[in-house]
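Right, one structure below, let's go through it.
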Amino acid sequence: MMYYSRLRMLSVLGVCLLGLVLCLPNVMRAPAAHLPWRQIHLGLDLRGGSYLLMQVDLQALEHDRLQSLSDQARQALLHDNLGYRDIVLDDTARRVTLYPRDVSEHDRALQTLGAIPASVPDEFAASSLPDGRLALTLSEAALQVRAREAVTQSIEIVRRRIDATGAIDPEITRQGNDRIVVQLPGISDPERIKALLGTTARMTFHLLDESATGASVAAPGVTLMPTTDGSNQTLPIRDHVEVDGADLTNAGAMIDQQNGQWAVNFTFNRVGAAAFAAVTRANVGHRFAIVLDNKVIEAPVIQTPITAGNGQITGNFTAQKATDLALLLRAGALPVPLSVIEQRSIGPSLGADSIRAGAMSLGVGFVLVIVFMALFYGRFGWYANVALLANLVLMMAILSLFEATLTLPGMAGLLLTLGMAVDANILINERIREEVARGRTALAALQAGFERATSTIVDSNATALLAHVMLFVFGTGPVRGFALTITIGIATTLFTTLLLSRLLMVRWYALTRPATLPV
Amino acid sequence: MFNRPLLRFVRPGTRIAFMRGRFAGLLTSAVLSLASIGLFFYPGLTLGLDFRGGIVVEARTQGPADFGKLRAALAQEGVTAAGLQSFGGPDDVLIRLDTPTGDGAEARTQALVDHVRHAVSAAQPGAQVLRADAVGASVSGELFRDGMLALGLSLLMILGYIWIRFEWEFAVSAVLTLVLDLTKTVGFLVLTHFEFDLVMVAAILTILGYSTNDKVVVYDRVRENLRKYRTMPLRELIDLSINETLNRTLGTSSTVFLAALPLALFGGASLSGFAWVMLFGIVVGTSSSIFIAAPLLLLMGEKRLRRDASR
């Protein structure tokens, strides 16, 4: 207890030195390019920026799958010459149900439905219900696989879209099963990005049901869709997708040479180009609709077959709208709709104010604690202060090593840790005082002080640790930063007080051999 | 100052008979806590954006904020029922809105922020939006649930830890004291109108951690003295333990207080509420170690703890 081997002494000092070195990246540039130069990041609340929490609409995903499953069922039954009636999508039970045309075909229809190829293993099961209906039920496990894929894919698309806007250091992460967090440093007005991310951007090309123009009720296989030109007009659009926007390879905004308006040019890949050529060749003189997210952008009449595999959309665009549409088409469609459910934006001036306020509080608080320790505990108080400084350095070092994000509550956590850190020193010093008062020698008092105080120190820090681990687990955003700094602080506090400040006291004793202790 | 200490709180050998005031302490605490519970129900906590949901936009206008113009511009954008209030200087304005209800409420909450932004820049050109937050109803519900879960689980874990390290009388009286501390903090929040949000939950958890720490130190000494003085009555023994640890109790609460004080004074709007609650919690937590946790331990352990020790 009173003896520190050379090795132990060197390693304690070594850790402190290492901490100092690890802090360097925060105050200077990397001297050489290949050095690992890790530093603390500033949270959005300190540097300004936006935080968006997006919800992935998994119900829409399920509904889409049910829709395509019912299409598959229709085709499979037709292919096998089996009839059906009353085909129904049941979103809550996650199944498609239908009646076989005739009871005698029940078993064969069941077989046909069971043979529909699944896109993931065991995706759905065909069964017969007591009332004679047949059901295709999606399995929970397969839906989860799909949902996971959809979220992963969405994150990729979101990243592409945000990168295309030129945002700096965006952070896009998954949260839970069905959420995506987007953090945009430096962007304090996220309106444009919200609009970009809130658009599914699924573009498809359809033929019109020209016989039904002006009708108020659509025929089967035709949907009345609104247009984007602001009028209340709807157009009867055939459901069949002639060409899919997924087959685009490039898109760009430009000014149309003929009328001087903004337009979006696009180029198809081989599959798309072939399909586009075939449709335009067969339907010269008919109207062809470009549909984006169930709205008709335009529905021009095909003048000549387009075989080069490129085309142009002119839909009364502003420059911004044309640029954004081109961006969306290049980045690809989202597999599921996303919606913002939480947003927080902080302007740069408020962030700068917060840094100033935080740094000022940290400085003043640090000085107050140091003065207190000096006044109340003298020499040993100064040793505690050295340990306190080392504590601050080590906390910074660990935060840098993890490249952690420092938030405003995180700064508060740093400060409170400093206030709590000297508790261990106070416990030791008070204990030494008591032992001296009981008439022990200097050496015995030091020894007893360290020994007795240790278990108390461990107990009191353990309870504080429990509370903050809970906060880290259940907290979000800046509050987690607070819990993280306090948790790291508890670890560094144990090190600096149980090892470093004790080392200082022991070395002082070994060098001077005083008869009485300054307590 | 550089060798011998200049100050100390109490002289060695101080023997204050704290347990003589145990009923007064418990009664005062009970009255304050009951009053706080009353305040919790009426007028109730001011819920912050995290837990209430809705929109808060802070803007700084060039020149004094013109509320009339702002209201008109908001109405132009179709935003009604907005609460406007000034904070800080005359050119700072805070605009609040509750979450809309009905169909598509989530989407409309998020769209409202943009309308408010447009209205602010239309009403007072050059105005700067300092902060714009929108929290949908589903998120605020979850945040509230998670916050309460963190609080509840922390209390349970503290209970478990003290139970394992000490005996059940210690654990139960510590957690009871913490609950009393907690209710008083809630009362303080109601009276001061500080917004109750996630940052406040963090403050409360920090207070709980600090307060537990304080109790653990006193209990640790009680346990040690139970072994040392086998025949001393529990009441005397608890008094002795409190007195022996008094310098430490006051010392640590002072350093934490000193550390939190600058935050309260200079921490800015977002942290000063947090820091004031911390300061309140430090005072309550320190005094409850002496006046609540110790008397409770005495009441619960008078027969059992002494018998255990003498066996």
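Of the residues B:Ser211, B:Ser272, only one is surrounded by fewer than 18 Cβ atoms within 10 Å (Cβ to Cβ), assigned by TED's automatic domain parsing to the domain that holds B:Val172 and within 30 Å of A:Leu484 (Cβ to Cβ); which? When all the criteria are applied, what remains is B:Ser272. Within the range A:292-324, being aliphatic (A, V, I, L, M), surrounded by fewer than 17 Cβ atoms within 10 Å (Cβ to Cβ) and outside any loop (DSSP other than H, G, I, E, B) holds for A:Val301, A:Ala319.
Scanning the range A:124-150 for residues that are open to solvent by less than 10 Å² (accessible area, probe 1.4 Å) and touching a Pro at 6+ places or on another chain (Cβ under 9 Å) yields A:Leu134, A:Ala142, A:Ala150. Scan the range A:401-421 and tell me whether some residue there is under 22 Å from A:Arg38 (Cα atoms), of a type in the set (S, T, N, Q) and either touching a strand residue (DSSP E or B) at 6+ places or on another chain (Cβ under 6 Å) or surrounded by fewer than 22 Cβ atoms within 10 Å (Cβ to Cβ) (or both). Yes.
Taking the stated definitions as given, is A:Gly378 assigned to a helix (DSSP H, G or I), within 8 Å of chain B (Cβ to nearest Cβ) and open to solvent by less than 40 Å² (accessible area, probe 1.4 Å)? Yes, satisfied. A:Thr456: in a helix (DSSP H, G or I), under 14 Å from B:Arg248 (Cα atoms) and either in contact with a His (Cβ under 9 Å, 6 or more places away or on another chain) or facing chain B (nearest Cβ under 9 Å) (or both), yes or no? When the stated conditions are applied, A:Thr456 passes them. Every listed requirement among (1) closer than 21 Å to A:Ser139 by Cα; (2) open to solvent by less than 60 Å² (accessible area, probe 1.4 Å); (3) without any contact (Cβ under 8 Å) to a residue 24 or more places away in the chain is met by A:Thr92 save one, (2). Residues that are in contact with a Leu (Cβ under 7 Å, 6 or more places away or on another chain), of a type outside the set (A, V, I, L, M) and under 24 Å from B:Val135 (Cβ atoms): does the range B:36-53 have at least one? Checking the range B:36-53: at least one residue is in contact with a Leu (Cβ under 7 Å, 6 or more places away or on another chain), of a type outside the set (A, V, I, L, M) and under 24 Å from B:Val135 (Cβ atoms). Scanning the range A:465-496 for residues that are open to solvent by less than 10 Å² (accessible area, probe 1.4 Å) and more than 30 Å from A:Ile172 (Cα to Cα) returns A:Thr492, A:Thr493, A:Thr496. Residues of the range A:48-61 that are over 16 Å from the mean Cα position of the chain (by Cα) and crowded, with 19+ Cβ neighbours inside 10 Å: A:Gly48, A:Leu61.
Checking each residue in the range A:195-228 for being part of a strand (DSSP E or B) and either closer than 30 Å to B:Ala107 by Cα or open to solvent by 20 Å² or more (accessible area, probe 1.4 Å) (or both) picks out A:Met203, A:Thr204, A:Phe205, A:His206, A:Leu207, A:Val222, A:Thr223, A:Leu224, A:Met225, A:Pro226, A:Thr227.
Cβ-Cβ contacts under 8 Å between residues 6 or more apart (or on different chains), taken from a first residue in the range B:115-130 that is touching a residue at least 40 places away in the same chain (Cβ under 8 Å) to a second residue that is in a strand (DSSP E or B) and of a type in the set (Asp, Glu), are listed as B:Val129/B:Glu58; B:Leu130/B:Glu58; B:Leu130/B:Asp92.
Go through the range A:331-353 residue by residue and tally those that are among the hydroxyl-bearing types (Ser, Thr, Tyr) and either open to solvent by 20 Å² or more (accessible area, probe 1.4 Å) or farther than 27 Å from B:Thr109 by Cα (or both).
Residues that pass the stated criteria total 2.
Select from the range B:1-20 the residues that are surrounded by 15 or more Cβ atoms within 10 Å (Cβ to Cβ) and away from every other protein chain (no Cβ under 14 Å) and write down the one among them that is farthest from A:Ile432 (Cα to Cα). Across the range B:1-20, the extreme among qualifying residues is B:Met19. Of all residues in the range B:123-136, those that are among the aliphatic types (A, V, I, L, M) and more than 9 Å from every other protein chain (Cβ to nearest Cβ) total 2. Of all the listed residues (A:Val340, A:Val336), the sole one being under 25 Å from the mean Cα position of the chain (by Cα), within 28 Å of A:Gly252 (Cβ to Cβ) and more than 7 Å from chain B (Cβ to nearest Cβ) is A:Val336.
Scanning the range A:424-445 for residues that are more than 10 Å from chain B (Cβ to nearest Cβ) and assigned to a helix (DSSP H, G or I) yields A:Ile432, A:Glu435, A:Ala442, A:Leu443, A:Ala444, A:Ala445. Considering A:Ala118, A:Ala164, the condition of being hydrophobic (A, V, I, L, M, F, W, C), in contact (Cβ under 8 Å) with a residue 60 or more places away in the chain and open to solvent by 20 Å² or more (accessible area, probe 1.4 Å) is satisfied by A:Ala164 alone. For the range A:271-291, taking the residues that are surrounded by 16 or more Cβ atoms within 10 Å (Cβ to Cβ), touching a residue at least 40 places away in the same chain (Cβ under 8 Å) and not aliphatic (A, V, I, L, M), the one that is nearest to A:Ala333 (Cα to Cα) is identified as A:Phe276.
The values are calculated or read from the model by the stated rules, or taken from the named source; none is laboratory data. Owing to the predicted nature of the structure, the values given are computational and were not obtained by experimental measurement. Don't worry about glycine lacking a Cβ; one is built from the backbone with ideal geometry, like all the others, and counts go over all protein chains shown. These accessible areas exclude ligands, DNA and RNA; they are computed on the full protein's heavy atoms, side chains included. Shrake-Rupley method; radii C 1.70, N 1.55, O 1.52, S 1.80 Å.
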